[in-house]
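Visitor: Let me give you the structure first, and then I'll get to my questions.
The values are calculated or read from the model by the stated rules, or taken from the named source; none is laboratory data. In this text the structure is predicted, and so the values were computed from the model without any measurement. Virtual Cβ from ideal backbone geometry, glycine too; neighbours counted across all protein chains shown.
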Amino acid sequence: MAPMTAALAAEDRPLEASRARWSPGAIAEFLLVGGVTPFLYPLSWLLRKSLGLDASDYAVGFLMFYGAYVINDPHFAVTYVLFYRDVRARAFGDAYERRAQRVRYVVAGLVVPVLLSAWAAAALASRSASLLGALIQLMFFLVGWHYVKQGFGVMTVLAQRRGVRFDGRERLAILAHCFAGWAYAWASPADPGTEVEEKGVVYTSIAHSLSLERVTHVVLLASVVPLLWVLVQKRRREGRLPIASPMMALLCSVWSWSIYSSIDPLVRYVIPALHSVQYLYFVWLLKRNEGREREGPPWFEVSARVRVGMLAVSALGLGWVLFHGAPSALDGILVSRKASEGTALGPTPYFAALFTIVNIHHYFMDYVIWRRDNPETRYLQRDVARPSGP
């Protein structure tokens, strides 16, 4: 999620001014944007202690596999629903005031999916596991960028909703730490280039040396200094900073979900769902506030609850198509099980290709949707009250 930090209107009151600091809503928000993460580590320890590693691993893995149907998959699918609404106006009309935003929209909405599809089609047509494996590795390389950028965006928006704004120098220090975390997460551990399997595709990973791991680690640790300095100085200048939830969202995205994502054998299964819940919370904020505004004059459209419900049903259905229906049909029709046994592409190459394309495309669409250039992000700046009755 790209940064969304357009200034609040002068008459708007910060979120914290209108509700108790730790009201039920504030606690729920804290947990949804990442605050539940620290509680999962002792819970994981208790499960392993009581059930054993194998049984607890199977139970959590099973739960999260089927949980993806209602959490992870819809989180990808809802991006398509949000992105491709009013395509003509966004790509060629006046939906975006800035030309740069229209260019980003065309690139992410047309150029990127065409290039990714052509890459995957070439790999499938030539039955090249190495070519498809390169696309998969691009996905793994970019996922860290996606995670830390979302953490940065969530942090800055939640802080702004509490009346805390970061200037350019402060944002640069925070972003530097995010990108340093991304670099170290990818470089660690060192890899001489090993044969791996992902979604049935067997390929050789890109080698990166121990020196790269050490250098990125030093850069990461060094980036903590300006981050702390910025926060301490801001505290001294502005007094109390109500940013517990924003900071939790940032630190979980960078440290727990990216750098040390594999530190716990059970929590690692849950990380994609935690990231997805954080994302879906912001989708809910956006569409709820938009719906509340459009319930009243001059639109008098369907209620916010109906609007959000329709979006949820659409995301659930499209998620099933993208990750289950379409790839299963393609693999079932176009791939011979007997012929594919023992091959480097495996028995489900179309699933691997679609899974990878959707992931990478999601990263690029997010970079357009959640920018402050997008006028719809104004619905994230503050909560919109329901229209009063007659």
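Visitor: I'd like to check something: does the range 173-195 contain any residue that is in contact with a strand residue (DSSP E or B) (Cβ under 9 Å, 6 or more places away or on another chain), outside any loop (DSSP other than H, G, I, E, B), free of Cβ contacts under 8 Å to residues at least 12 places away in the same chain and not polar (S, T, N, Q)?
Guide: The answer is yes, given that some residue of the range 173-195 is in contact with a strand residue (DSSP E or B) (Cβ under 9 Å, 6 or more places away or on another chain), outside any loop (DSSP other than H, G, I, E, B), free of Cβ contacts under 8 Å to residues at least 12 places away in the same chain and not polar (S, T, N, Q).
Visitor: Determine which member of the set Arg236, Arg214 is more than 30 Å from Gln137 (Cβ to Cβ), more than 23 Å from the chain's Cα centre (by Cα) and either β-branched (Val, Ile, Thr) or assigned to a helix (DSSP H, G or I) (or both).
Guide: Answer to the check: Arg236.
Visitor: Got a number for residues in the range 215-249 being within 17 Å of Trp182 (Cα to Cα) and among the aromatic types (Phe, Trp, Tyr)?
Guide: So the answer is 0.
Visitor: Taking the options Arg90, Arg85, name whichever one is out of contact with any helix residue (DSSP H, G or I) (no Cβ under 9 Å at 6 or more places or on another chain) and over 27 Å from Pro349 (Cα atoms).
Guide: Only one candidate qualifies: Arg85.
Visitor: Follow-up. Identify, from the list Leu286, Leu241, Leu231, the residue that is within 27 Å of Asp167 (Cα to Cα), surrounded by 13 or more Cβ atoms within 10 Å (Cβ to Cβ) and free of Cβ contacts under 8 Å to residues at least 24 places away in the same chain.
Guide: It is Leu231.
Visitor: Here's something else I'd like to know. Among the residues of the range 268-315, which ones are β-branched (Val, Ile, Thr) and under 17 Å from the mean Cα position of the chain (by Cα)?
Guide: Val270, Ile271, Val277, Val283
Visitor: Here's a follow-up. With Tyr203, Tyr147 as the choices, which residue is buried (at least 20 other Cβ atoms within 10 Å of the Cβ) and more than 25 Å from Ser276 (Cβ to Cβ)?
Guide: Tyr203
Visitor: When you go through Pro375, Pro347 one by one, which is the residue that is more than 16 Å from Thr79 (Cα to Cα) and either without any contact (Cβ under 8 Å) to a residue 60 or more places away in the chain or surrounded by 13 or more Cβ atoms within 10 Å (Cβ to Cβ) (or both)?
Guide: From the options Pro375, Pro347, the qualifying one is Pro347.
Visitor: Here's something else I'd like to know. Give the number of residues within the range 239-253 that are of a type in the set (A, V, I, L, M) and outside any helix (DSSP H, G or I).
Guide: So the answer is 2.
Visitor: I want to confirm something. Restricting to the range 289-307 and keeping residues that are surrounded by fewer than 17 Cβ atoms within 10 Å (Cβ to Cβ) and of a type in the set (A, V, I, L, M), which single residue is farthest from Val70 (Cα to Cα)?
Guide: Step by step, filter the range 289-307, then rank; the result is Val302.
Visitor: Considering each of Ala91, Ala134, Ala108 in turn, give the residue that is part of a helix (DSSP H, G or I) and farther than 30 Å from Met310 by Cβ.
Guide: Answer to the selection: Ala134.
Visitor: Let me ask something else about it. Does the range 1-57 hold any residues that are in a loop (DSSP other than H, G, I, E, B), surrounded by 14 or more Cβ atoms within 10 Å (Cβ to Cβ) and either modelled with pLDDT under 50 or touching a Lys or Arg at 6+ places or on another chain (Cβ under 8 Å) (or both), and which are they?
Guide: Met1, Ala2, Pro3, Met4, Thr5, Ala6, Leu8, Asp12, Pro14
Visitor: For Ser126, all conditions in the list (1) without any contact (Cβ under 8 Å) to a residue 12 or more places away in the chain; (2) within 30 Å of Gly239 (Cα to Cα) hold save one; what is the number of the exception?
Guide: Here Ser126 clears every test but (2).
Visitor: How many residues does the range 254-273 contain that are polar (S, T, N, Q) and in a helix (DSSP H, G or I)?
Guide: Number of matching residues: 2.
Visitor: Mind telling me which of the residues Leu318, Leu311 ends up being buried (at least 19 other Cβ atoms within 10 Å of the Cβ), farther than 30 Å from Gly200 by Cβ and among the aliphatic types (A, V, I, L, M)?
Guide: Leu311
Visitor: Filter the range 84-131 down to the residues that are among the aromatic types (Phe, Trp, Tyr), over 30 Å from Val335 (Cα atoms) and under 24 Å from the mean Cα position of the chain (by Cα) and list them by number.
Guide: Passing the criteria: Tyr84, Tyr96, Tyr105.
Visitor: Of the residues Arg162, Arg85, Arg99, which single one is modelled with pLDDT under 95 and touching a Leu at 6+ places or on another chain (Cβ under 6 Å)?
Guide: One residue alone meets the criteria, Arg162.
Visitor: Can you give me the ranges of the helices (runs of 4 or more DSSP H) entirely in the range 300-344 with at least 1 residues that are modelled with pLDDT of 95 or more and within 26 Å of Pro74 (Cα to Cα)?
Guide: 304-320, 326-334
Visitor: At pLDDT 95 or above, crowded, with 16+ Cβ neighbours inside 10 Å and under 30 Å from Ser205 (Cβ atoms): which single residue out of Leu63, Leu115, Leu132 fits that description?
Guide: The unique qualifying residue is Leu132.
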